[in-house]
Amino acid sequence: METLWFMIVAVMVAAYVVLDGFDLGAGVIYLGAARTTDDRSRILRAIGPVWDGNEVWLLAAGGTLYFAFPLLYASSFSGFYLPLMMVLWLLMLRGVGIEFRAHMENPVWRGFFDVVFCVSSILLTIFFGAALGNVVRGVPLGSDGYFFEPLWTNFRVGANAGILDWYTVLTGVIALVTLTAHGSLYIALKTEGDLNQRARNAALWAWPLQLILTIVGLVATCYVRPGVLDNYKEHAIGFLIPVIVFGSLAAMISAIRKGQEQEKVAFLASGLYIVGMLVGAAFALYPVVLPASTDPAYNLTIYNTAAGHHGLTVGFTWWTLGAILSVAYFVFLFRKFRGKVRLEGEGY
């Protein structure tokens, strides 16, 4: 059951990053790709019906983590208290930027909330990437399973590292570029005309950076945490993951260059790349859920952080029912709002 719930949490995190990732990426390119008020309205209409629903997956992943691995939840939320508060404020500011902008007629206030929306989206992508970097790198866990990290120290990886060091900043930049491309492809899929072209150009320019940063990130991860390859050496099937990652990058660039007829393929390939990267990290860490940078004996694993077996078994039944309802709702939602966005009508 511990392994099953580890997989469930990984799937829910991947679902959040893929789904909310494209509207975060749309926010990143918002001020650059959208040159006019109409263009900005089109971007907001493209994400309008789904952005708040996508964020529910973050809450669901946190709730699942609390249910299945309560000690991990307690340890990580106490140790990462400061960055979590920053993420919470950024999520609120992003929502405020979207909603208030729609109710303002004054161009100065509209411009202000446009900047709030764009900047909070950029910072969120970096913070989420840095968070994953902290999990892969390890944190200074004590014998009681808790830790504290300052926001930064000397930017070096080691026992006294902060939340931000050269490695976690690198993972933050990787997340920024990845979600920028992901969001650009979604906006290209949902729009027409000049905005469509600018969105595809953004993805085209992001792709070489994405490829280079993926290679650099893999090398840096092996340097920072050499043990990440142990599971791959024991289970050869794991080497399919890098094949999927680089295969999806190849499919992305091929589809982008073919133009509008391959926009959906490019977007799906981008989502597959994100899933491949996250699955690769989970596969490398298993069964550890939060490594200790101080002493491997202090690692938090799926076994010493999990809830009781009976609770996990009963919870799986209820989670399955909830997951079916959620998937059905999202299938309906995306089918309902499929196709290109228009400016006619009410709302976003």
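Couple of notes before you dig in:
- Rounded to the nearest 20, the Cβ-based charge dipole of the chain about its Cα centre (Lys and Arg +1, Asp and Glu -1) stands at 820 debye.
- Loop-located trypsin sites (Lys or Arg not before Pro) in segment 1-49, at most 13 other Cβ atoms within 10 Å (DSSP): ARG35
- Residues THR294, THR221, THR153 in ascending order of nearby Cβ atoms (within 10 Å, fewest first): THR153, THR294, THR221.
- Label zone (TRP166, point 7 Å along Cα-to-C-beta; backbone nitrogen cut-off 15 Å) within segment 207-222: 216-222.
- Amide proton proximity set for ALA292, modelled H, under 5 Å, gap of 5+: VAL139, ASN299, LEU300
- Lysine pairs in the chain whose alpha-carbon atoms fall under 26 angstrom of each other, counting only those eight or more residues apart or on distinct chains, come to 7.
- Multiplying the residue separation of VAL219 and LEU71 by 0.36 nm and removing their Cα-Cα distance gives an extension gain of 50.2 nm.
- Size of the chain from its Cα atoms: along the principal axes, largest to smallest, the extents are 59, 40, 38 Å.
- VAL17, VAL87, VAL331 arranged by Cβ crowding within 10 Å, fewest neighbours leading: VAL331, VAL87, VAL17
- Taken as Cα centroids, segment 300-342 and segment 1-79 sit 13 Å apart, rounded to the nearest whole angstrom.
- Sites listed here are trypsin sites (Lys or Arg not before Pro) in segment 153-256 whose DSSP assignment is loop and whose Cβ has at most 15 other Cβ atoms within 10 Å: ARG156.
- Highest average packing first - 224-230, 56-62, 300-306, Cβ atoms within 10 Å: 300-306, 56-62, 224-230
- Nitroxide proxy distance, nm - points 7 Å out along Cα→Cβ at ILE324 and TYR81: 4.2
- Database remark: amide H of TRP152 closer than 5 angstrom to the amide H of ILE163, LEU164 (H placed geometrically; neighbours at sequence offset of 5 or more, or on other chains; Pro and chain starts carry no H).
- For the listed peptides 316-326, 116-126, a ranking on the average number of other beta carbons within 10 Å per residue, highest first, reads 116-126, 316-326.
- Annotation for segment 250-348: GluC sites (Glu not before Pro) lying in DSSP loop with at most 11 further Cβ atoms inside 10 Å of their Cβ are GLU344, GLU346.
- Only helices enter this figure: runs of n ≥ 4 DSSP H residues, each worth -39500 (n - 2.57), summed and divided by the residues of the chain, yield -25000 deg cm²/dmol at 222 nm to the nearest 500.
- Span-like helix ranges in the chain, DSSP H, alpha carbon extent 24 angstrom or more, Kyte mean at least 0.5: 2-28, 81-102, 107-137, 166-190, 193-224, 240-258, 263-285, 309-336
- Taking 0.36 nm per residue of separation and subtracting the current Cα-Cα distance, fully stretching the chain between VAL243 and ASP52 would add 65.5 nm.
Since every read-out is calculated from the coordinates, none of them should be taken as a lab result. These figures come from a predicted structure and were not determined experimentally. As a convention, Cβ positions derive from the backbone with ideal geometry for all residues, glycine included, and neighbour counts pool all protein chains shown.
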